[in-house]
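Just so you know, all these numbers are worked out from the coordinates, no wet-lab data involved. As the structure is a computational prediction, the values presented were derived from the model and not from experiment. Please note: Cβ atoms are built from the backbone with ideal geometry, for glycine as well, and neighbour counts cover all protein chains shown.
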Amino acid sequence: MTEIQADKLAELQAVRAPALGGRLIRWRTALGNAWHELRKSRTASIGAVMLVLLFGACIATPWITTYDPIKQNYRERLQPPSEKHLLGTDRMGRDIYTRLLYGGRRLVAIALLAVTFGLSVGIPYGVLSGYFGGKVDTVAMRFIDGLLAFPGLLFYLLVVTLAREWKIEGIANDAVLVFALGFAFMPEVARLSRGTVLAEKQKEYVEASRAVGDGSLSIALRQILPNIISPLIVNATVRLGYVILIVAALSFLGLGTPPPTPDWGSDLAAARDYMETAPLIAAFPGLAICYTVLAFNLFGDGLRDILDPRLAER
Amino acid sequence: MAETVLELDDLTVRFHLRRGDLTAVDGASFSIERGQTFGLVGESGSGKSVTAKAIMRLIPAPPGEIPRGRVLFEGSNILDKSDAEMRALRGRRIAMVFQEPMSALNPVFTVCDQISDALRTNLGLSKKEARERVIELLSLVGIPSPQKRLDSYVHEFSGGMRQRVMLAMALSCNPNFLIADEPTTALDVTIQATILELITSMIERLGMSLLFITHNLGVVAHACDRVGVMYASHIVELGDKREIFARPQHPYTVGLLNSIPRLDGQAKYLTPIAGSVCNMMDPPSGCKFHPRCSHAMDVCRREIPRLKEIAPGHLAACHLHDRGTA
Amino acid sequence: MTMAPPADDMLLRVKGLTKHFTLHGDIYSKLAGEKTQVLKAVDGIDFHIQRGETLGLVGESGCGKSTTARLVTRLIEPTAGEVTLKGEDLLGFSRSRMKEARKEVQLVFQDPYSSLNPRKTIMHILSRPMEIHGLVRSWAEKRERVLELLRRVGLGIEHIDRYPHEFSGGQRQRIAIARALSVDPELVIGDEPVSALDVSIQAQILNLFRELQKEFGLTYLFIAHDLSVIRHISDRVAVMYVGKIVETGPAAALFDKPLHPYTKALLAAVPEADPAKPAPRLTLQGEVSTPIDPPPGCRLCGRCPRESAVCAEIAPPLVDVGDGRQVACHNL
């Protein structure tokens, strides 16, 4: 039987099926739909492919690299790309390809954690503020306004300097970065969620939920939230690329990642001295940054196109 | 001798959407004489609004397409005209009134600005002349103290008043043909009564012809001379108003008339038409109404019925009437 | 005053129900020098609904009928008045008693496109009310009950895991009705439940309402602006104008012989789907009166063909005129 018939049969079976079977089928069809939707936007598809490659490389890093990203090897410094070193070596003889991948892995992890942190604080903040309204909302939003007024760069500098002062190192340093970046992202998320909740709150299904006896918290988080998640996802996706850019920029300025940890930004900074003799050392980290930001932006933009017209269609 | 102002001949409008093709209007044909009011009735998805927009050439060309048919306005085919010629026609000879005055009128301009804009563009009046004409028009449509309301914004008017403003704008350049697309649907019943009265008196006074689009059979029964019933892109019945209401010939028309609750509350249960409108992206074969029709025969599943004259001036598109003819 | 029907027969009773909204009353407007105004959306209305009957509440836009629906279910808190549900004071209910009351009184909303959460399946939408009130114990029981509800409202059971956007307006309204039924309510309030539907679908849904009323012994408060619909479905009718009830009575009597000038005007303005019947005409002058800071006296003042001096001074009370009819007019 055709795929459509098989799906229909599965659906009918699910009607009487126990919970697990039904849910699995729904998930499978949901994923299938998502893939189909993705193909509609060329931008999103390209971005998605780029991201898949990126994430794949990040996950597979230990298996697709052979060198140690930190160990110096002065005998092989500043080598051009060759069979031995795919992208050449840097000023300390470290394999650039390896450093790029380990650097990327770290940057992507930081970005994901930071954005997740920003979302998990910002969304409930904004949604509850918007749903309950009144004085609570006014006070909460003025606080957000205050946070937004604070210049981002200064905030990062402040955090980084404090970290230096308190001699925070290693993983803790990364955690501080995650916190700072997430915290800087949070107000935007809160604003955006609050705005969409305000509009969504007026819809009849919200009134219907109240009429049926549902509690406010439940309505705000379980009923309204799934409806406003799309612009938030788009925003978060683009933000991921932006966060990577920020971390790289901070490291470039010597403020983010202390050496010798691989980081595209600090590698780029270190390569400045060798622009005339070995320009490729700068080129590769730079290209990596471009690629990553582009991938997130394309995917985010395409996602917006996919998600918005569907909302407009109704 | 009655002169034909508008004649539709086999008008077909198709939309090319991502999901597939949709034929919104299929072979629509009817004519409107001078001074006549024609009511185009149908439920959602019937294609009546698209028909109106096609006449005004307001169908966006990329997704929309008019593969065949003619729209003869005062003898010449509108579909052949250039953009410049259409612009000259719109407002001057054919005017349109829409359903939602709030979205059809520009909220950032005053009433005077909007109407005089049309006057100055189409008739070349000076600012002063236009202003005077606007006052004339506003009193024509029954807006009290027009001099004072001239410089008000659209949102300062109530729903009924806004509709009058839209009517004033439509009538400003003395068109001889007016298309009203559900002009009273968004209004309360008492306001609706006044607007209907206004429209019919305007039509009479100015000798205009009117194409009235609505889903409300009650409005059609009192405001129109001839009626066309549309279902799923086809005109299924056409004729004089009294004929159609007294002797409906198409099962859809009959069903529609039976589903309307009556003011004298006779029936306990209504007799609705079973099922719902077909999916226009994937319509049934043959007559589009056959899945819901209690008189459906074999031929209905195979062939789309064409409009046939049942009685003088009264046409219906139904295979039930095939038997009489050879 | 007539003898009110015996208490256990009276499901809902409303006295002096009022809702006033203050406009421009917040600090920003005050600083801007704007005058505070009072919007009297509902201004002291009385009505009652007996068990098993359908009360039709009719009026034009802005008359306060939708607000009334929300006041009676406490989705909006009344400014003043009494609401008695099955003999108990609804406005004095504790939170837990109010939650229980939400089982007894249910709403069906106007817009089928926004009254169902677009991100939830039908299964969720229909089972959530049961969950909230602890009416089911297992997933299987939930499933069974939802399937049962779907069948009752005439929808195929294969729809259970679909999303609202996959349905037409009429089907969505059936789902909304099923949702209301899911908690076995006694009173169902329909806030313009068929106004957004095509005529042929409207007829189907009206029939469904009737069938369900007979099958479950439901009581309806049916709100609409379409007079023919109200005539068809109601046993008794109440006519509202700018926050006040101007006339009540049995449907047949009220429509055949309207007493209040506004009721007469409404009936005269309805275009009937029969060219032989008289054309719609307006018997009132002017525009709908404003509910914002209304002047004292009758709301219809300034538009009414039967006006007299007293009409501008004193608002006419709703009085009994026999045969179960009440009218609020000085000049009958």
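Annotations
- Centre separation in Å (Cα based) which lies between segment A:181-201 and segment C:222-294: 47 Å
- Descending semi-axes in Å of segment B:88-145, equivalent ellipsoid built from Cα gyration tensor: 17, 16, 12
- Folded to 0 to 90 degrees: helix B:159-171 orientation relative to chain B principal axis, Cα: 80 degrees
- Shielding by partners for peptide C:35-44, expressed as the average number of C-beta atoms from other protein chains within 10 Å of each residue's C-beta, is 0.
- Each label was represented as a point 7 Å from its Cα along the Cα-to-Cβ direction; for A:I168 and A:L294 these points are 3.4 nm apart.
- Interatomic Cα distance distribution for chain A, bins of 10 angstrom, percent: 6, 20, 26, 23, 15, 8, 2, 0
- Number of partner chain Cβ atoms within 10 Å, mean per residue of C:128-135: 3
- Scaling the Cα radius of gyration of segment C:183-256 by the globular reference 2.2 N^0.38 Å produces a ratio of 1.13.
- Radius of gyration and Dmax over the Cα atoms of chain C, both given in Å: 21.1, 68
- Mean shadow area of segment B:174-289 over all directions, Cα convex hull, nm²: 9.3 nm²
- C-alpha long axis of helix A:225-252 to longest principal axis of chain A, angle in °: 10 degrees
- From least to most packed, judged by other beta carbons within 10 angstrom and beginning with the fewest, C:E272, B:E197 follow the order B:E197, C:E272.
- Straight-line cross-link partners of C:K214 among the aspartates and glutamates, defined as a Cα under 19 Å from its Cα and at least 8 positions apart when in the same chain: C:D9, C:E53, C:E104, C:E148, C:D184, C:E186, C:D235.
- Global size of the protein assembly as shown as Cα Rg and Dmax, reported in angstrom: 33.8, 112
- Farthest toward the positive end of the dipole of segment B:214-270, out of B:L217, B:G228, B:S259, is the Cα of B:S259, where the dipole comes from beta carbon charges about the Cα centre.
- Placing unit charges on the Cβ atoms only, positive for Lys and Arg and negative for Asp and Glu, gives the protein assembly as shown a dipole magnitude near 1280 debye about its Cα centre.
- Cα coordinate range in segment A:238-314, projected on the principal axes (Å, largest first): 58, 24, 15
- Cross-link pairs exceeding 19 Å between alpha carbons, from the set C:K19/C:K244; C:K65/C:K103; C:K65/C:K86; C:K40/C:K244: C:K65/C:K103; C:K65/C:K86.
- Spatial offset of segment B:198-222 relative to segment C:164-194 amounts to 36 Å, using the alpha carbon center of each.
- Dipole check for segment C:171-231: with +1 at the C-beta of Lys and Arg, -1 at the C-beta of Asp and Glu, and the Cα centre as origin, the magnitude is about 120 Debye.
- Residues A:F55, C:F222, B:F98, sorted so that the one with the fewest Cβ neighbours within 10 Å comes first: A:F55, B:F98, C:F222
- C-alpha long axis of helix C:199-216 to longest principal axis of chain C, angle in °: 70 degrees
- With 23 Å as the limit on Cα-Cα distance, the pairs of B:K48/B:K268; B:K148/C:K30; C:K257/C:K277; A:K201/C:K142 that go past it are B:K48/B:K268; B:K148/C:K30; A:K201/C:K142.
- Least to most buried among C:V72, A:V293 (fewest other Cβ within 10 Å first): A:V293, C:V72
- Here A:K71 is the anchor, and the aspartates and glutamates within straight C-alpha reach of less than 17 Å, apart from those fewer than 8 places off in the same chain, are A:D90, A:D95, A:D263, A:D267.
- Stretch gain in nm, segment C:E215-C:S96, where the contour uses 0.36 nm per residue and the Cα spacing is subtracted: 39.9 nm
- C:T22-A:R77 pseudo-label distance in nm [points 7 Å out on the Cα-to-Cβ vector]: 7.7 nm
- Kirkwood Rh, angstrom, segment C:1-156 [1 / mean 1/r, Cα pairs]: 18.7 Å
- Here the alpha carbons of segment A:48-138 define both size measures, Rg and Dmax, at 21.1, 68 Å.
- Estimated inter-spin distance, A:R42 and C:I314, nm [label 7 Å along Cα→Cβ]: 7.9 nm
- Per residue of peptide C:278-287, the mean number of Cβ atoms on other chains within 10 Å of the residue Cβ is 5.
- For segment B:1-27 and segment C:45-61, distance of Cα centres in Å: 46 Å
- Under 18 Å from the Cα of A:K203 - lysines, other chains or at least 8 residues apart: C:K120
- Considering all C-alpha pairs of segment A:144-301, those separated by over 19 Å amount to 66%.
- For segment B:240-326: rounded, prolate or oblate by the Cα gyration tensor [a/c cutoff 1.5]: oblate
- Simple rule: put +1 on each Lys or Arg Cβ and -1 on each Asp or Glu Cβ in chain A, find the dipole, and look at A:F183, A:S82, A:P260; the Cα lying farthest toward the positive end is A:F183.
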